[in-house]
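These notes are about the structure you will find just below.
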Amino acid sequence: MKDLFSDMPTGAYQPLAARMRPASLDDYIGQSHLVGPGKPLRRMVETGHCHSFILWGPPGVGKTTFAQLLSHALDAQFIEISAVMSGVKEIRAAVDQAKNLRQMSGTQTVLFVDEVHRFNKSQQDAFLPFIEDGTFLFIGATTENPAFELNSALLSRARVYRLKTPSADEVKLVLVRALKNHEQGIAAYSQESGFQIDDYFLSVLAQAADGDIRRGLNFLEILSDLVEPGGKVTQEQLEDVLGGSVRRFDRKGDVFYDQISAFHKSVRGSSPDGALYWMARMLDGGCDPLYIARRLLAIASEDIGNADPRALQIGLNAWDVFERVGPGEGNRAIAQAAVYMACAPKSNAVYKAFNQAMSDVAAQPSYEVPAYLRNAPTSLAKSMGHGDEYRYAHNEEHAYAAGENYMPEELVNMRYYQPTDRGLEKKINDKLAWLSDLDNQSPFQRYGSFSQGLPQGDEE
């Protein structure tokens, strides 16, 4: 438990990440959806009309920093406890301190609880009466989904604000500020003017931070210990800090996106070896494995489709494995999914059909739903003929209403989905051809004589 706005001893060393904490919201990088002009957390700071809340987001995005800024703006006492290192004793001590301050001087207290999700139910419940009576303004910070990790009683008394992962450009902006700041930045503890670093290398650091501003500043501080004062950062020094090669990065990301393209085309082209190689290159380049998992889901629907519907489920399973067991085993699960999809039969029939349907809907008039297909929930709707002559498929032979049509009359012969003769789609094609024959032989024809045949398009 501590007041983080108390003065540090003269000459005391602080890590760069601590020294570069923003002193105001104007210096706060990222989270513009919450702290930008007119946004909820900025209005809270500016107006002083505060309520208890939960900050939910990944590490290093500024949860503690914002709590400090709010406390400072309110001229309140700031008390921080960590659920990792605290228990009921520390909670009681914080409550007592807040009560004493309120009674003796009328001072408001901001109680910041880091990793609040680590408290058990009874510990979380201990905050409730003091939140309700205003003993303190409660701010919880968590990296886990509050809906699953926090008590409903606590959630009912505290709003949840989701903090987003800062972009590489936002992390880079913080790094630039740290380099240029002669009071709290790199040069503050240097006899010279810090050091020089190529803009490209700075982008590398920002990307390697992976959205964690604190991590990026730590990288920069470690780098400052390796470079002679006033010197220039070398690639070898950067590799020492990052623990690997920096060949993977380029200034505009073109090489990285080329690798993604190569990976996608390898899977589409049924090359498991190519898929594995480019996946390895991307992982070596610092790519988020879940980005690859997301790309595989796109491939499953775009390039495989109903030729092997299992591909989509296997992609989802790989994602689930990664989130359950982490990158070690999780990366292998994603690799397994990539190999499966590379070897699977390919079809873009659904992809093309959907795109064509969307294009037609955008370009054509808004045709009315035929009366027999309309819902009839009221007597008025029934009197207007809604649902009349609708044929319930389950009551028909083969559970199929032969000769029926489910398109607007203006599009009576339009066909979008044209399955291929590969994988499961070959069976789907055979099924649709059989149903087409039933349509053609049926004495009932919804719009008169029409063909339910399956025109064969170009297979790509």
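The values are calculated or read from the model by the stated rules, or taken from the named source; none is laboratory data. Remember, it's a predicted structure, so these values are computed and weren't measured experimentally. Glycine also receives a Cβ, built like all others from the backbone with ideal geometry; neighbour counts cover every protein chain displayed.
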Just one listed residue, out of F219, F263, F249, is at pLDDT 90 or above, among the aromatic types (F, W, Y) and under 22 Å from T165 (Cβ atoms), and it is F219
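Out of N395, N405, report the one residue that is exposed (fewer than 14 other Cβ atoms within 10 Å of the Cβ) and within 30 Å of W434 (Cα to Cα). Steps first, answer last, please.
Working: N405 fails: exposed (fewer than 14 other Cβ atoms within 10 Å of the Cβ).
Being exposed (fewer than 14 other Cβ atoms within 10 Å of the Cβ) and within 30 Å of W434 (Cα to Cα) holds for just one of N395, N405, which is N395.
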Of the conditions (1) in a loop (DSSP other than H, G, I, E, B); (2) surrounded by 14 or more Cβ atoms within 10 Å (Cβ to Cβ); (3) at negative phi; (4) not small (G, A, S), D210 satisfies every one except a single condition; which number is it? (3)
Do we find that D75 is within 26 Å of the chain's Cα centre (by Cα) and either within 19 Å of I131 (Cα to Cα) or among the acidic types (D, E) (or both) in this structure? no
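So that you can scan it fast, the table gives a plain yes or no per residue for (1) assigned to a helix (DSSP H, G or I); (2) crowded, with 16+ Cβ neighbours inside 10 Å:
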{"site": "A280", "(1), (2)": "yes, no"}
{"site": "C287", "(1), (2)": "no, yes"}
{"site": "R295", "(1), (2)": "yes, yes"}
{"site": "S301", "(1), (2)": "yes, yes"}
Residue list for the stretch 366-392, filter: free of Cβ contacts under 8 Å to residues at least 12 places away in the same chain and under 28 Å from K352 (Cα atoms): S366
Would you check which residues across the stretch 228-238 are at pLDDT below 85 and either outside the structural domain of K180 (by TED's automatic domain parsing) or not charged (D, E, K, R) (or both) and list them? P229, G230, G231
Kindly list the number of the only condition in (1) at pLDDT 95 or above; (2) of a type outside the set (A, V, I, L, M, F, W, C); (3) surrounded by 16 or more Cβ atoms within 10 Å (Cβ to Cβ) that fails for H386. (1)
Report yes if some residue within the stretch 167-180 is outside any helix (DSSP H, G or I) and out of contact with any strand residue (DSSP E or B) (no Cβ under 7 Å at 6 or more places or on another chain); otherwise report no. yes
Within the stretch 262-273, how many residues turn out to be touching a residue at least 40 places away in the same chain (Cβ under 8 Å), surrounded by fewer than 17 Cβ atoms within 10 Å (Cβ to Cβ) and in a helix (DSSP H, G or I)? 1
